[in-house]
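Report on the structure given below.
The values are calculated or read from the model by the stated rules, or taken from the named source; none is laboratory data. Just so we're clear, the structure is a prediction, and the values are computed from it rather than from any experiment. Using ideal geometry, Cβ is built from the backbone for each residue, glycine included, and neighbour counts are taken over all protein chains shown. Ligands, DNA and RNA are excluded from the accessible area calculation, which covers all protein heavy atoms including side chains. Shrake-Rupley method; radii C 1.70, N 1.55, O 1.52, S 1.80 Å.
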Amino acid sequence: MIEFKNFSFKYKNGEKNALSGINLKLNKGDFVGVIGNSGAGKSTFTYAVNGVIPHHFEGDFFGEVIVKGIDTVESSPSELALSVGSVFQDIDGQMVSSVVEDELLFGLENFGVPHEEIEARITDILEMVGIEDLRYRNISTLSGGQKQKVAICAVVSLMPDILVLDEPTAELDPQSSHQIFSMLRMLNEKMGITIIVVEQKIMLLSEFSKRLLIFNEGSIYLDGSPQEVLKDTYKLQDIGVNCPRVASLANALAERKLYEGEVPVNIDDAEVMVRNIIK
Ligand SMILES: Nc1ncnc2c1ncn2[C@@H]1O[C@H](COP(=O)(O)OP(=O)(O)OP(=O)(O)O)[C@@H](O)[C@H]1O
Ligand SMILES: [Mg+2]
């Protein structure tokens, strides 16, 4: 569904490549988590998927990025926007209306969704996400988590096949962050939307992602299921990424030959692991 072929990109004013030699295939229906240090190239990666690169940022573009069979260099930003919905790091900058309903209306009208369909789209998505009560609220009065949900609803109401989010929980507390990821999982499972999400909280990524990409200095450092990627605590430490505690525990136990199963990616699995060892 998304393919990177030997892709590299250097921003016009950049000193070195922001991304280098990216080869990657992402499948339809995937839930891909992206993590890595500041400056590793995560945002640049999202820009390459949604066409912000090369259509907004100038620079040296090598290789190819194919999204749903379309070469992003040859497509127009509006053509890509039909397939790829984006939630940027700065959601306040992304929102254009003052009232929640208008924010959704704006996108739907801009996309030329027929008028008789619009009402159903708005009700359905707000209901699905459980924020019908926010419909007539002023966006400036919403909490960070509520705003984030509205931003995601506005994009999802346009029915993209792919949803790209850059640090959607950066300003949220643990509980709201968890809610956002539960919402993404629901969109992934119920609507079949392919999710690509950049996130600093590794525990959230390990719990919700089907595939984890770890970026380091413009390259993909590790790529696999959370269980595969998290089984070497030291490899992650080497590039300054913290392993979730449940995975570090499993790795430490494995090192002492006390455990040899899969790395747990959530508390429940960790509990099963510990109970079995005690037994
Ligand atoms: N507009 C730009 N012009 C020049 N260089 C840029 C630009 N945007 C990013 N870069 C550079 O490209 C590299 C990758 O940046 P990117 O924003 O993709 O990193 P990131 O992993 O998203 O970091 P963060 O976690 O801080 O958001 C960095 O070296 C950065 O300085
Ligand atoms: Mg970034």
LYS201 accessible area, nearest 10 Å², 1.4 Å probe? 70 Å²
For Cα pairs less than 8 Å apart in space and 6+ apart in sequence, what is the mean separation divided by the residue count of the chain, i.e. the relative contact order in percent? 22 percent
The Cα extents of segment 2-243 along the principal axes, largest first and rounded to whole Å, are 49, 40, 31
Sequence-distant lysines (8 or more away, or on other chains) whose Cα lies within less than 25 Å of LYS12: LYS42
Between ALA254 and MET1, take the C-beta separation as r, use R0 = 35 Å, and let me know the FRET efficiency to the nearest 0.05. 0.55
The computed P(r) of segment 65-187 puts the percent of Cα pairs beyond 22 Å at 34 percent
Nearest 10 degrees, 0 to 90: what angle lies between the long axis of helix 100-110 and the longest principal axis of the chain (Cα atoms)? 70 degrees
Solvent exposure of segment 2-243 as accessible area per residue, Å², 1.4 Å probe: 45 Å²
Return the whole-Å distance between the Cα centroid of segment 208-270 and the Cα centroid of segment 61-135. 34 Å
Which of the GluC sites (Glu not before Pro) across segment 39-119 are loop residues per DSSP, with 12 or fewer other Cβ within 10 Å? GLU58, GLU74
Mind checking which aspartates and glutamates have their C-alpha under 18 Å from LYS16, skipping anything on the same chain fewer than 8 residues away? GLU58, ASP60, GLU217
Expressed to one decimal in nm², the mean projection of the alpha carbon convex hull of segment 1-82 is 5.3 nm²
Quick one: net charge of LEU26's neighbours, Cβ under 12 Å, K/R +1, D/E -1? +1
Starting from the Cα of LYS190, draw a straight line to each of the lysines and keep only those under 18 Å, dropping any in the same chain fewer than 8 residues away. LYS28, LYS149, LYS210
Can you give the net charge of the other residues whose Cβ lies under 13 Å from the Cβ of LEU213, counting K and R as +1 and D and E as -1? 0
Taking all protein chains as present, what is the carbon and sulfur share of the accessible area of the chain, in % to the nearest whole number, probe 1.4 Å? 48 percent
